[in-house]
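Notes follow the structure.
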């Protein structure tokens with residue numbers, strides 16, 4: 001049986017942790033409109049998110065802790081990105097906090113502290129992907145000197161995420177309150 005440090009300090013968890021380290025820098029670069037650095041940080045975060053799970057599976061490093069770290073890193077990175085969009089008037093003010101509260105509900109409802117894997121609903125999974133879209137579109141648009149999509153479209157997307165996140169959270173709350181945890185995974 002592997003020791004806790006051997007399970008915690010893996011190459012895949014190190015790759016995942018890069019998003020945690022990058023999050024405050026991404027916020028500063030995005031809020032400060034240092035587009036080229038924000039662009040690089042964003043796309044490196046996306047690449048690490050696409051690769052860390054594959055690396056963990058290939059190296060036999062998968063664990064509930066790794067899954068929690070992956071999802072927490074995503075939530076923190078996108079929240080910092082959304083906080084920067086709020087600071088520049090491109091996102092609804094409470095979206096970043098809603099993302100963090102939603103992640104906390106997701107983690108607790110999945111009983112991750114008991115060692116269980118995280119379980120996302122289809123809507124929650126889509127929200128998790130779409131939280132990356134607005135910051136990514138903004139930095140890519142600016143680096144490529146494009147005029148579209150406009151900041152109004154970015155704000156509209158943000159409001160859509162506010163509503164879809166609230167619906168997802170309500171769905172999880174109803175499932176939990178009903179006593180029977182319905183299977184939130186897609187079939």
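Just so you know, all these numbers are worked out from the coordinates, no wet-lab data involved. Because the structure is a prediction, the values reported are computed rather than measured.
Here are a few things to note about the model shown:
- The chain: angle of helix 35-59 to the longest principal axis, Cα-based, in degrees nearest 10: 20 degrees
- The chain: calculated mean residue ellipticity at 222 nm from DSSP helix runs of at least 4, using -39500 (n - 2.57): -24500 deg cm²/dmol
- Between 0 and 90 degrees, the angle of helix 133-143 with respect to the longest Cα principal axis of the chain falls at about 40 degrees.
- Axis angle, to the nearest 10 degrees, between helix 11-31 and the longest C-alpha principal axis of the chain: 30 degrees.
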